[in-house]
Amino acid sequence: MLRQIEGSRAVAEAVARCRPEVICAYPITPQTHIVEALSAMVKSGALRPCEFINVESEFGALSVAIGASATGARAYTATASQGLLYMAEALYNTSDLGLPVVMTVGNRAITLEVGSSLPRYRC
């Protein structure tokens, strides 16, 4: 049966069907709705035995995913454009170690603010 759902919810349901064992994320718009839906699924037991880990930074999210993947767990994380920049060092580590990590990257403009009295410049 066809049904219409919001895009972030569709991503969350697709991730859930992959049966991740560890989901780690730091909320950053626009991916927040994805991990909120996944955390609700974990809390309800729908993704048992999945563990949801709320971390303190984007770098921490990917670092947890690296550790989980290194132990053999299916790892998932999500971020947005700015968060991906904060994960840069850990991205290279993931690649160098050859570890499978699934990540959703919600896209938005990356801005650069120069000074408090100057207008915003977009890169």
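The values are calculated or read from the model by the stated rules, or taken from the named source; none is laboratory data. For clarity, every value in this text was computed on a predicted model and none was experimentally measured. Positions of Cβ are backbone-derived with ideal geometry, glycine not excepted, and every protein chain shown enters the neighbour counts.
So which residues in the stretch 7-39 are under 22 Å from Gly67 (Cβ atoms), touching a residue at least 40 places away in the same chain (Cβ under 8 Å), in a loop (DSSP other than H, G, I, E, B) and not charged (D, E, K, R), if there are any at all? Matches in the stretch 7-39: Cys18, Pro20, Tyr26, Ile28, Gln31.
The sole residue among Val105, Val42 that is modelled with pLDDT of 95 or more and not in a loop (DSSP other than H, G, I, E, B) is Val42. Restricting attention to the stretch 70-102, the residues that are in a helix (DSSP H, G or I) and closer than 24 Å to His33 by Cβ total 8.
Look through Val22, Val55 and report the one residue that is farther than 16 Å from Val102 by Cα, touching a helix residue (DSSP H, G or I) at 6+ places or on another chain (Cβ under 7 Å) and buried (at least 16 other Cβ atoms within 10 Å of the Cβ). Selected residue: Val55, the only one of Val22, Val55 that is farther than 16 Å from Val102 by Cα, touching a helix residue (DSSP H, G or I) at 6+ places or on another chain (Cβ under 7 Å) and buried (at least 16 other Cβ atoms within 10 Å of the Cβ).
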